[in-house]
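Taking it in order: structure first as structure tokens, then the write-up.
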Number of protein chains: 2
Amino acid sequence: MSEKLTSKDQVNALIDKYDYFLFDCDGVLWLGDHLLPSVPETLSLLKDKNKQVVFVTNNSTKSRNDYLKKFEKLGINSVTKQEIFGSSYASAIYIDKILKLPKDKKVWVLGEKGIEQELKELGYTTIGGTDPDLASNGTPFDLNDPKFSNLDDEVGCVLAGLLFDVNYLKLSLTLQYLLKNNKQIPFIATNIDSTFPTNGKLLIGAGSIIESVSYASGRQPDAICGKPNQSMMNSIKADYPKLGENPGRGLMIGDRLNTDMKFGRDGGLDTLLVLTGIETEANVKQLNAEEAPTYYIDKLGDFYEFNQ
Amino acid sequence: MSEKLTSKDQVNALIDKYDYFLFDCDGVLWLGDHLLPSVPETLSLLKDKNKQVVFVTNNSTKSRNDYLKKFEKLGINSVTKQEIFGSSYASAIYIDKILKLPKDKKVWVLGEKGIEQELKELGYTTIGGTDPDLASNGTPFDLNDPKFSNLDDEVGCVLAGLLFDVNYLKLSLTLQYLLKNNKQIPFIATNIDSTFPTNGKLLIGAGSIIESVSYASGRQPDAICGKPNQSMMNSIKADYPKLGENPGRGLMIGDRLNTDMKFGRDGGLDTLLVLTGIETEANVKQLNAEEAPTYYIDKLGDFYEFNQ
């Protein structure tokens, strides 16, 4: 059974108990472009108590720099780049540190600018992605497009995530690289969220774009760099070694059971579910002990509001 | 073990043995826009012997009228609309005769003009599809697009197939209809070929587009109207009752083991594999009895050429 946080004493005991507060962003701090109540005040409260905050997001369309701008635009000015872990950053780190892809190899990107920027910061050249030559511009797809006969032999990795300008040419070119060299080019996914919640609707998520090229190529991604996959947690623990040594000092806060809560639990952290996203209190009450978050709360801002 | 056809006597004995000759088109009659050798002559030979020919194709981007034009353009003038079974036609028939969708209900189409045309011929109104308001035109996707809040309550079926102008808006709108009414709107697929062979490359097939919305919605299609699914065979048998009564009088000719040959075998027909498509002789020789076609031949045109 999860404990519901409804009082000042409960939230303050919880703040005392943990050193690391990991946050999902959308559904916890904001909904789309709308800041949730008392969020900046709650983050200030934690920072005043010398707590380490870390923002963990599966949104691969934005780089960490884009996220910094988003925080500032919403009036949260205290966040630093080092506190942000996005799936595009985690993917770039994976390609660099785990795959150890040589810097003279290129990365074929099925995704948005956020991915390209993080790879560029690490010294990689990307192709595909937001290349205007591949953009949808109203011209019908050409079955004889010479791009299919001019694959780049320097491509050493395929990285796929969410993209809004998805089109047949980009999907089919991605397929060529996934099939090339007898399917030997590594295939990395930023995350596999099937949907993307926006304005109360579910739109097509990164996982559903990736599933298309997976099905066509008969390949599953070799690595997935978003929640709930632990490669992302391992990157965070590498940056915060004390959390790695003692994950019980960390609390993962999020709005989704199958990504955020699983991500924290699998990493050995306690978990706090907020009800400002897609889960309901009725759902939480039905969960068995294995699935239940450690705590739940109506909204993150209650940390601050209960103290007023 | 499959029998290889290499002589005049073999092909003439085979022609005598069957009354119905079912043909896959791409890879058998033509490759893209390139007619294969001696194909018109072979079709004339069969027609002169009063054989019934039937053309069975999974390509959902073309209607039967489009196919007639393609046959004529390639110099095959003897074909009639009644001899053509495309997956867009089979899907429209399925919606009309099996689903019995009332004509005042609309069909949401994730696909090309061929699908729209076949549905229109049966008296249905389509939305989605090639609507210019949904086309990729270089404008970035708008997360606040009002189309997401204006779903059409008259939509009574979703039909998905291959489309070249695939984009995020069309995929996400399809997802809305698949989720609508607690996932109760029927979800029909023209076919689930994962790839689409063109100019020696494999491009994204209908199945890979459909997989994207399947994954996002957590739904598999309720019916698949292309080879090797037998709903297509049943439509053909309904039109040719004698084939239905005695499928052993029919021969399915194609270039793919997992679609064409399986389609014929599952329908109780004998099968002939041509090597002008994606399968090789070495592959055929390795097949066990269950998978092996009844016969194989280098190319369809050998029917005619062996008789010269």
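Looking for something in contact with an Asp or Glu (Cβ under 8 Å, 6 or more places away or on another chain), β-branched (Val, Ile, Thr) and assigned to a strand (DSSP E or B) - is there at least one such residue anywhere in segment B:97-113? The answer is yes, given that some residue of segment B:97-113 is in contact with an Asp or Glu (Cβ under 8 Å, 6 or more places away or on another chain), β-branched (Val, Ile, Thr) and assigned to a strand (DSSP E or B).
Among the candidates B:Leu22, B:Leu46, single out the residue that is over 12 Å from the mean Cα position of the chain (by Cα) and part of a helix (DSSP H, G or I).
Working: B:Leu22 fails: part of a helix (DSSP H, G or I).
From the options B:Leu22, B:Leu46, the qualifying one is B:Leu46.
Exactly one residue out of B:Asp298, B:Asp260, B:Asp222, B:Asp255 is touching a residue at least 12 places away in the same chain (Cβ under 8 Å), among the acidic types (Asp, Glu), under 29 Å from B:Asn50 (Cβ atoms) and surrounded by fewer than 21 Cβ atoms within 10 Å (Cβ to Cβ), and it is B:Asp298.
Would you pick out the residues in segment B:121-155 that are part of a helix (DSSP H, G or I) and either free of Cβ contacts under 8 Å to residues at least 24 places away in the same chain or not assigned by the TED database to the domain that holds B:Asn191 (or both)? Answer for segment B:121-155, where residues must be part of a helix (DSSP H, G or I) and either free of Cβ contacts under 8 Å to residues at least 24 places away in the same chain or not assigned by the TED database to the domain that holds B:Asn191 (or both): B:Pro132, B:Asp133, B:Pro146, B:Ser149. If you check A:Glu112 against the conditions, is it of a type in the set (D, E, K, R) and buried (at least 23 other Cβ atoms within 10 Å of the Cβ)? Criteria met by A:Glu112.
Every residue, every condition in (1) surrounded by fewer than 20 Cβ atoms within 10 Å (Cβ to Cβ); (2) β-branched (Val, Ile, Thr); (3) more than 30 Å from A:Lys147 (Cα to Cα); (4) without any contact (Cβ under 8 Å) to a residue 24 or more places away in the chain, yes or no:
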| residue | (1), (2), (3), (4) |
| --- | --- |
| A:Val39 | no, yes, yes, no |
| A:Lys47 | yes, no, yes, no |
| A:Asn50 | yes, no, yes, yes |
| A:Arg64 | no, no, yes, no |
| A:Thr80 | yes, yes, yes, yes |
| A:Gly86 | no, no, yes, no |
| A:Ile95 | no, yes, no, no |
| A:Val107 | no, yes, no, no |
| A:Leu119 | no, no, no, no |
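Criterion applied to B:Glu116, B:Glu154 was being within 16 Å of B:Cys225 (Cβ to Cβ), out of contact with any His (no Cβ under 6 Å at 6 or more places or on another chain) and either more than 7 Å from chain A (Cβ to nearest Cβ) or basic (Lys, Arg) (or both), and the one residue passing it is B:Glu116. As a summary of the residue check, A:Met1 satisfies the conditions (1) under 23 Å from the mean Cα position of the chain (by Cα); (2) assigned to a loop (DSSP other than H, G, I, E, B) except for the one numbered (1).
Taking first residues from segment B:180-195 that are in the same structural domain as B:Asp153 (by the TED database) and partners that are of a type in the set (Asp, Glu), the Cβ contacts under 6 Å between residues at least 6 apart in sequence or on separate chains come to B:Pro186/B:Asp222; B:Phe187/B:Asp222. Looking only at residues in segment B:169-207 that are β-branched (Val, Ile, Thr) and under 20 Å from A:Asp165 (Cα atoms), the one that is nearest to the other protein chains (Cβ to nearest Cβ) is B:Ile204. For segment B:99-107, does any single residue satisfy the condition of being out of contact with any His (no Cβ under 6 Å at 6 or more places or on another chain), under 25 Å from B:Gly205 (Cβ atoms) and not aliphatic (A, V, I, L, M)? No, every residue in segment B:99-107 fails to be out of contact with any His (no Cβ under 6 Å at 6 or more places or on another chain), under 25 Å from B:Gly205 (Cβ atoms) and not aliphatic (A, V, I, L, M).
Only one of the numbered conditions (1) buried (at least 16 other Cβ atoms within 10 Å of the Cβ); (2) in contact with a Phe, Trp or Tyr (Cβ under 8 Å, 6 or more places away or on another chain) is violated by B:Ile76, and that is (2).
The values are calculated or read from the model by the stated rules, or taken from the named source; none is laboratory data. From a predicted model like this one, the values you see are computed outputs, not experimental measurements. For neighbour counting, all protein chains shown are included, and Cβ atoms are generated from backbone atoms with ideal geometry for every residue, glycine included.
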